[in-house]
1. Specify which of the listed residues (B:32, B:11) is touching a strand residue (DSSP E or B) at 6+ places or on another chain (Cβ under 8 Å) and among the β-branched types (Val, Ile, Thr).
2. Would you tally the residues in the stretch B:49-88 being modelled with pLDDT of 95 or more, in a loop (DSSP other than H, G, I, E, B) and more than 14 Å from chain A (Cβ to nearest Cβ)?
3. Looking for whichever is closer than 24 Å to residue B:328 by Cβ and modelled with pLDDT under 95 here; the options are B:132, B:141. Which one fits?
4. If I go through the stretch B:160-181 residue by residue, how many of them are farther than 17 Å from residue B:229 by Cα, more than 14 Å from chain A (Cβ to nearest Cβ), open to solvent by 50 Å² or more (accessible area, probe 1.4 Å) and not β-branched (Val, Ile, Thr)?
5. Could you count how many residues in the stretch A:76-90 are assigned to a strand (DSSP E or B) and open to solvent by 80 Å² or more (accessible area, probe 1.4 Å)?
6. Hey, any hits in the stretch B:140-150 for a residue that's out of contact with any strand residue (DSSP E or B) (no Cβ under 9 Å at 6 or more places or on another chain) and either of a type in the set (Val, Ile, Thr) or not in a helix (DSSP H, G or I) (or both)?
7. Does the stretch B:192-219 hold any residues that are open to solvent by 60 Å² or more (accessible area, probe 1.4 Å) and either away from chain A (no Cβ under 14 Å) or over 24 Å from residue B:257 (Cα atoms) (or both), and which are they?
8. Looking at (1) assigned to a strand (DSSP E or B); (2) open to solvent by 40 Å² or more (accessible area, probe 1.4 Å); (3) farther than 30 Å from residue B:5 by Cα, which is the only condition residue A:183 fails?
Amino acid sequence: MDVSELRKNAKIKLDGHPYVVTEFQFVKPGKGQGLYKCKLKQMITGAVIDRTWRSGERLEAANVESKKMQYLYASPDGYTFMDNQSYEQVDLNEDVVGDDKHFLLDQLECDVLFYNERPVGISLPSHVVMEIIECEPGVKGDTATNVTKAATIQTGYVVQVPLFIKVGERIKIDTRNGEYVERVNS
Amino acid sequence: MRLSFDRRIAVFDAASHAVRSYFRSQGLREVVTCVRRSEVALEPYIEPIEASRKWLQTSPELAMKGLLARGSGAIYQIAPVFRRAEIGAMHREEFRLVEWYRLGAATEKVRRDVEALVDCVFDAVADVLELRRRRVSWETRGFCELVAETTGLRLRGDEDAAALQEIVTASLPELWVDPPAQTADVERGTRDLAAWTAWFSHWSDLCLEPWLARDPNRRVHVVEFPVALAALSEVGPPIRERQRPVVAHRFESHVGGVELANGYRELRDATEQRERFARVTRLRELLALPPLPEPAQFLAELRELGLPPCSGAAMGLERLVMLACGLRELSAILPDSLR
């Protein structure tokens, strides 16, 4: 693949190992060469490295297969997922799941990624709906839409939400950046 | 911080209005030119997007110079432009360039326009967001002076590829990345273009931008570029950095470490322009980039109609609005990137 196809969550092969792009930054002087600055996570060991490529360079895509699975529970062995057709279960350790753990709700359907038949990561739906279990009350009369407050969701993750959000309400979160999207009316 | 939908609409409305009022007050006329073109200005690292046997413009420069050559007088436009595969926090494949040209003017006057536009758009946006209006003064720094200040390297800006490599690697080998196209069968001009472009990109990323970004309010014009980076600007004796033999009359304007505008004293010599395009074409060939035609119509206009002495600049509208909002991510301000 061409380096210009790099994106967050792209899977590439470097020195024979599979990596996932966890952070991605494109910079370029207007008339200069583009630079692709990436943080990469080794999909098996979880080791994180920095790499920079220049426009025009070529990369090898990692051959990662994905399978639809359901999240069951967390245990000292890690996070357990089940294939709904074969009932086969796999455990993914914390390094592999990384920050995605904040959005794992029981029975959430997501893609589990396999490299050489080994589970190496998950791919969450782009949005998840979560319930607020704790937050400060909003200040009445403040209508400025850019003002936010901290709120805790079921998984313990803390997200910035607008002031009108209350405990017990459900919100949509973008799993790619962990940000609040909108209130969900049920 | 991300702007609400209504504020996104309001800041762009305020910014476009401010830009138009400013140019009108200065006597420049707004023009429109076609976005889809049969030729684009050749650049080694700006890729046009194809649109049914033509290209979407990467800048309105050739079109506007065509108007200038026919006697339009001082003009501006807010032009949609397209650059393939430029996607990042501060890059989009489609954006708008505020581009303008003044007759008989030195780049100095055009830099004053950059400053005035930044002020009037910052004020307009501050009013929408109910922020405090403020004035920040600009610094003008020579290219080689900034290289010396950020790295300690002494450059003249007219070194060939080999001399540049020797100077950089002698004291700062970590600031050198081997550029493409450095074999003996490649003409000197193309080698110099490749080496300077690669080194400039590397220096800009590692040294210049972090140095400029130390103060988020800092506003700096970088002037008098190395001759190999002249692009479509005129080369001549320096005005500021007198110790240099020859410089490109090209400048870049940065706000808080973000490149916002690029300006030239415009090259009028058709022969010289053609040679520069040929070097780019050769470099693109060596980089295995898609072939682009020589801008024959533009060259004919330069040769036959003649471009009046003029200076111009182009400024990214979305980036300008983003900076005026005190933000550093386009997704936080673009009205249609809000889902």
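1. Among B:32, B:11, only B:32 is touching a strand residue (DSSP E or B) at 6+ places or on another chain (Cβ under 8 Å) and among the β-branched types (Val, Ile, Thr).
2. 7
3. Exactly one of B:132, B:141 is closer than 24 Å to residue B:328 by Cβ and modelled with pLDDT under 95, namely B:132.
4. Qualifying residue count, the stretch B:160-181: 4.
5. Of the residues in the stretch A:76-90, 1 are assigned to a strand (DSSP E or B) and open to solvent by 80 Å² or more (accessible area, probe 1.4 Å).
6. yes
7. Once the filter is applied, which keeps residues that are open to solvent by 60 Å² or more (accessible area, probe 1.4 Å) and either away from chain A (no Cβ under 14 Å) or over 24 Å from residue B:257 (Cα atoms) (or both), the stretch B:192-219 yields B:214, B:215, B:216.
8. Looking at each condition in turn, residue A:183 falls short on (3).
The values are calculated or read from the model by the stated rules, or taken from the named source; none is laboratory data. If you're wondering where the values come from, they're calculated on a predicted model, not measured in any experiment. So basically every Cβ, Gly included, is an ideal-geometry build from the backbone, and we count neighbours across all protein chains shown. What goes into the accessible areas is simple: the full protein's heavy atoms, side chains included, and nothing from ligands, DNA or RNA. Shrake-Rupley method; radii C 1.70, N 1.55, O 1.52, S 1.80 Å.
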